[in-house]
């Protein structure tokens, strides 16, 4: 009986299965890790610079134009290595976001992209012969939403977009270019943003507090959202150190100085503490939701009317057959339609041909008639000419013997 | 010479009459050299008025800048909308009028605000309420000017529009271009780079160059400072040149006073330093203030009256005459002056039609000729 209660037994000595986590780690290090970041924010807000700052490297990037007709997503994949850990990092940029005069459809390409990555994974999962361990997972693990530092509140576009994304991806909102907001303004701004998100039911990613080791730091970080960040790849000498900073006439903003901005907090949370949790949440929550909705759409249920568990494979095969059958029928229909159309057109053409032929015949007849008439006229004319000539000759011979008849001469 | 001292000199010149003392001694003194003083006296008695429009997305610091410019608080009980409320927001026009006085000179200042501009998700034609407002003021003035009793005409025409460009992008955005193109022939536009304290000096230069390039490229006619007179001295000309090369002005505003370098100044306090609004190495606020208030306020009014308003008026009259010609009824109380010279456009049209007629006539002749030949 599998439903027997579990018993806790004590061990008589060291067995050694406490090395399991190490084995797991060793395996995953060999496999390499994969992480996908989506950056959503208006053109020029600092997405590329922040990525460069976070990963301490210069990813290639051209400055985007403000005059794109719509939003399009640009994914770029990089292979990074730190110690012996390989990371396949994909950064997806939203080009043209926020530039159009009418932004009602701006969120659509983003949602479509996220769904497509889920769909690709689902397809792989449903294959008969699949290789999930080899599969390059392109599902978005984190969406960094860049909020413009107006100091007032969210923009209407921000609210609309985050509402469309919060059920599909982990969102961490950040305040970009935060070196234009003073401390007191920042405090009010953060409170206003969070209250707007809450009152509109937008679910952002919460750093997990269920794991004892990190619950404290995660809880305190949750209270600092949204992170106010400043990015820079330029280095400035401060004291006897060289740090990444922005140099202004009135002072130097240091990226890694926690009293200047929340960059360090973001890096800590995003990369050093919760990266794995983000991947897990994406797979266990967002992807599962997508999968369930998609399969329900296709007509799958967990149990059939007799409360027997459905075999996914059986149902899938049945659906496939149905689908193929549909396709074939449609093909037949179209072929039939095509054949009919061809027949129709043929008939029409034949009719037209006949008409033309008739017309041609008629014209030919008319032409022949005309020709005949003209011939007649010609003959008449010839006869007249002949008669006239004869008369002329007659007159001439007459005039030779009668030189005084001048009138007749003149008539020629 | 210090830039500020030069600016003061400039102001002095504009206020004091230029008296040619040398010539005075030669001829007998008539006395009309006091005219400028008389103008000055009368204008102080009459008082001045100025209407300034501010436009730009929410959160660009427009209200803060206006408060900093006029050293007063016009927006005490303002209520800002939430993101949710702004999704479908329409643009409103709100006027604040204040009477301020300085050294006996009275100024009736009207600030026209445009809350909601660019804040909705769909901003198609969001500038229409603004252009309509400007046209309405022109129309009102046109009626008043053509009326019988013109003693107390109120001039509500917009003399200047400060347009706030966000500093977060790489240059002008489509909504900026469309807005300026819709308004550049109705009002003097002065584009500004808002919240310039998020840009390093290099970034500011790059952005200014880019914006000037794009303004040229899109054919936007922003307000041009009038050319210097040729008899001004070199310093003045240099100052003027610097001013023109500095556009669009990168501004910072502040509602708070902070302590910096032992003085109390308007500024913004950061953990890494203090931004002083009136420090010329921090931003162009001083240049903007001097230009807008101390040297070019009257020129802005003149250009509005002589160029934008006159364009509107001429267009209005032409539309009326063409309508009347169709209606053939004298309804309008405004006396219609006959157009002395036909419009360039109508002339072109007439020419085109003439040529068409000629061509048709030729074709007809040709056809007639052919028929005639055939007959023969």
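Inter-chain neighbour count for B:112-122: the average number of beta-carbon atoms from partner chains within 10 Å of each residue's beta-carbon is 3.
Expressed as a rounded percentage, what relative contact order does region A:50-101 have, with Cα pairs under 8 Å and six or more residues apart?
Details: 59 pairs, mean separation 19.4, N = 52.
Result for region A:50-101 is 37 percent.
Within 10 Å of the Cβ of each residue in A:94-104, the mean number of Cβ atoms contributed by other protein chains is 4.
Name the shape class, rounded, prolate or oblate, that the alpha-carbon gyration tensor gives for the protein assembly as shown, where a ≥ b ≥ c are the square roots of its eigenvalues, rounded holds for a/c under 1.5, and otherwise prolate holds if a/b is larger than b/c and oblate otherwise. Write down the numbers at each step before the final one.
On the way: a/c = 2.99, a/b = 1.22, b/c = 2.46.
Judged from the Cα gyration tensor, the protein assembly as shown comes out oblate (a/c at least 1.5, b/c at or above a/b).
From least to most packed, judged by other beta carbons within 10 angstrom and beginning with the fewest, A:215, A:153, B:58 follow the order A:215, B:58, A:153. Between residue A:314 and residue A:136, the FRET efficiency from the beta-carbon distance, with R0 = 25 Å, is close to 0.25.
Quick one: order A:345, B:200, B:114 by neighbouring beta-carbon count within 10 Å, fewest to most. Could the numbers behind the result be given before it?
Details: A:345 10, B:200 16, B:114 22.
If I rank by nearby Cβ atoms, fewest first, I get A:345, B:200, B:114.
Over the residues of chain A, the helix contribution to mean residue ellipticity at 222 nm works out to -16000 deg cm²/dmol, using -39500 (n - 2.57) for each DSSP H run of at least 4.
When only alpha carbons are used to place a centre, region A:127-201 and region B:93-157 end up 40 Å from one another. Report the calculated FRET efficiency for residue A:213 and residue A:11 (r = Cβ-Cβ distance, R0 = 30 Å), to the nearest 0.05. E(calc), rounded to 0.05, equals 0.80. Taking chain A as a Gaussian network of alpha-carbon nodes connected by springs under 10 Å, the highest mean-square fluctuation of the residues A:198, A:342, A:214 belongs to A:342.
Pick from B:268, B:359, B:313 the residue whose mean-square fluctuation is largest in a GNM of chain B, springs joining Cα atoms under 10 Å. So, out of B:268, B:359, B:313, the one fluctuating most is B:359.
Per DSSP H run of n ≥ 4, the term is -39500 (n - 2.57); total these for chain B, divide by its residue number, and report the mean residue ellipticity at 222 nm rounded to 500 deg cm²/dmol. Spell out each step's value before the answer.
Values: 13 runs with 164 residues, N = 376.
Here the helix-only value at 222 nm equals -13500 deg cm²/dmol.
The angle separating the long axis of helix B:310-327 from the principal Cα axis of greatest extent in chain B is about 30 degrees. Short-range pairs are left out: with C-alpha atoms under 8 Å and at least six residues apart, the relative contact order of chain B is 15 percent.
With an 8 Å Cα cut-off and a minimum separation of 6 or more residues, compute the relative contact order for chain A in percent. Dividing the mean separation by the residue count of chain A yields 12 percent. Inter-chain Cβ neighbour count for A:44-53, averaged per residue, equals 1 (cutoff 10 Å, partner chain atoms only).
The residue A:58 and residue B:128 beta-carbon pair, evaluated with R₀ = 51 Å, returns a calculated FRET efficiency of approximately 0.70. Ranking of B:230, A:65 by neighbouring Cβ atoms within 10 Å, starting from the fewest: B:230, A:65.
Taking B:350, B:87, B:220 as the candidate residues, the one with maximal mean-square fluctuation in a Gaussian network model of chain B, Cα springs under 10 Å, is B:350.
The modelled label-to-label distance for the pair residue B:153/residue A:111, using points 7 Å beyond Cα in the direction of Cβ, is 5.6 nm.
Every number in this text was worked out from the coordinates using simple rules, so none of it is lab data. Everything quoted here is computed from the prediction, not taken from an experiment. All Cβ positions, glycine included, derive from the backbone under ideal geometry; neighbour counts span all protein chains shown.
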